[in-house]
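Notes follow once the structure below has been shown.
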Amino acid sequence: GGDIDASSFVDEDGTPWLLWKNDGNCCGMDTWIYIQQLAPDGLSLVGEATQLIKQDLPWEGNLVEAPTLWKQDGRYFLFYSANSYGDNRYAIGYASADVPTGPYTKSPERLAYSSNEYGKVTGPGGQDVVVGPSGRTFLVYHSWADTMGYRRMNLDELRWVDGKPSVTVTSGVDVARP
């Protein structure tokens, strides 16, 4: 099935890492999110790849993808998207670990999912975490517009409650089309 959805992470000590998903869902196989250390210049792989997580929760459907690694208060948080990107089942989940290579413990609950509570958001996924000028963290992700004709980019504050990520998915900030 190949490898897709590459993303990078640089730890506090300067160690660079590469994360990606194997595209097993194209062929009726499991999907895995992997991590592997990179050389200091980021141009070659070091050591062996480590499997982190695969689809094993009911809400994840037949795939996990789009890895984003974030370190918060000494813990590693692996954000990922799961299920069918083309409809309202697509959602964002997370897992946490003490070291970049895991083992990771998944939250059984989705972090962000289709909702009408604060405005219509359908199929959120493809997330990244960014820090704003004020030091607050935000989740940037895509979702389907009301017409399902295009995927828009959204931005919602990512809060940390009792050491866990929390986000209220809104449709108030559609970065692609204000």
- Residues of type lysines that Lys120 reaches as a straight line, Cα spacing below 22 Å, ignoring anything fewer than 8 places off in the same chain: none
- Message: Ordering Val140, Val99 by accessible area with a probe of 1.4 Å, largest first, what comes out?
- Response: Val99, Val140
- Message: Along the Cα→Cβ direction, 7 angstrom out, place labels at Met148 and Trp160. What is the inter-label distance in nm?
- Response: 3.9 nm
- Message: Please list, in order, the residues from region 134-166 whose amide nitrogen is less than 13 Å from a point placed 7 Å along the Cα→Cβ vector of Lys120.
- Response: 144-150
- Using a cut-off of 27 Å between alpha-carbon atoms, which lysines can reach Lys71, once sequence neighbours fewer than 8 places away in the same chain are excluded? Lys21, Lys54, Lys106, Lys164
- So how strong a dipole does region 1-86 carry about its Cα centre when Lys and Arg Cβ are +1 and Asp and Glu Cβ are -1, to the nearest 20 debye? 140 debye
- Query: If exposed GluC sites (Glu not before Pro) are those in a DSSP loop with at most 14 other Cβ within 10 Å, what is the longest stretch of the chain that has none?
  - Reply: 13-108
- Item | the chain - charge dipole about Cα centre, Lys and Arg +1 at Cβ, Asp and Glu -1, debye rounded to 20 | 480 debye
- Task: Pull up all non-local amide H partners of Ala91: gap of 5 or more, or a different chain, and H-to-H distance under 5 Å with H placed in the peptide plane.
- Result: Ala82
- Note on the structure: Out of Trp70, Cys27, Asn116 - ranked by how far each Cα lies towards the positive end of the dipole of the chain, with unit charges on the beta-carbon of charged residues - the top one is Asn116
- Note on the structure: Heavy-atom accessible area with a 1.4 angstrom probe orders Arg152, Arg89, most exposed first, as Arg89, Arg152
- GNM on the chain, C-alpha springs below 10 Å: top fluctuator among Pro133, Pro16, Pro124? Pro133
- If ligands, DNA and RNA are left out, what is the accessible area of Tyr85 with a 1.4 Å probe, given in Å² to the nearest 10? 120 Å²
- State the dimensionless ratio Rg/Rh of the chain (Rg: radius of gyration of Cα atoms; Rh: Kirkwood radius). 0.96
- Note on the structure: Taking Lys and Arg as +1 and Asp and Glu as -1, residues besides Tyr94 with C-beta under 10 Å from its C-beta add up to +2
- Message: What is the sum of charges, Lys and Arg at +1 and Asp and Glu at -1, for the other residues whose Cβ falls under 9 Å from the Cβ of Tyr141?
- Response: -2
- Item | Solvent exposure, largest accessible area first (probe 1.4 Å, DNA, RNA and ligands not counted), of Thr68, Thr170 | Thr170, Thr68
- So the carbon and sulfur contribution to the accessible area of the chain, 1.4 Å probe, in percent, is 50 percent
- Item | Per-residue HN-Hα couplings for region 14-27 [Karplus 6.51, -1.76, 1.60; θ = phi - 60°; Hz; x = Gly/Pro] | x, 6, x, 10, 10, 10, 6, 10, 7, 8, x, 4, 5, 10
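The values are calculated or read from the model by the stated rules, or taken from the named source; none is laboratory data. Please read all numbers here as calculations on a predicted model, not as lab measurements. Here the Cβ is made from the backbone with ideal geometry for all residues, glycine too, and neighbour counts use every protein chain on show. With ligands, DNA and RNA removed, areas are computed over all heavy atoms of the protein, side chains included. Shrake-Rupley method; radii C 1.70, N 1.55, O 1.52, S 1.80 Å.
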